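Each remark here refers to the structure printed beneath this line.
The values are calculated or read from the model by the stated rules, or taken from the named source; none is laboratory data. Quick caveat: nothing in here was measured; it's all calculated off a predicted structure. Cβ atoms come from the backbone with ideal geometry, glycine included; neighbour counts cover every protein chain shown.
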Amino acid sequence: MMTPKEHNNLLGILLLVYEGLQVLGLVLAIFIIFGVFGFVFTQVQGAEAAPLGLAVAIVIIALVFSGLLLIPGMIAAIKIRRERPDARGWGIAASIIALLNFPLGTALGAYGLWFLMGDVGKDYYLGSAAKNSFANPPQPPPPSSWQ
């Protein structure tokens, strides 16, 4: 059975590997897509090139959006590996984003959410505050005796 620290280290390593694969895929996509567009632009002339300009703009927007989705995962991986207090929030966000990428991202996202939102992850990151906030809610103050 793994300890919470081992789960945390494993999640941090898996996020680093996953984000590295995502960056590699994004870089390869950039080279392949713009290589194809470069070849196509050399073959067309005049008014035929206008729709290709729109296609290039759409691809650039999609690649920028894909790159932006990598940022929370990278931040989460670094913070989880360093055991920072705010790593849990970043990890939950990165796990939710990873769920969209089937099958590896789905598995990683499910594991990350299981650990970070489960009792083990709450105890690891929140300590006794997690136990007190859910099991024993704070009691209201006693009524004022001066009234």
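Looking for whichever is surrounded by 14 or more Cβ atoms within 10 Å (Cβ to Cβ), over 17 Å from Asn9 (Cβ atoms) and either more than 15 Å from the chain's Cα centre (by Cα) or at pLDDT below 90 (or both) here; the options are Val59, Val36. Which one fits?
Val59
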Are there any pairs, at least 6 apart or on different chains, whose C-beta atoms fall under 6 Å, with the first in the range 119-147 and at pLDDT below 75 and the second of a type in the set (Lys, Arg), and if so, which? Ala130/Lys122
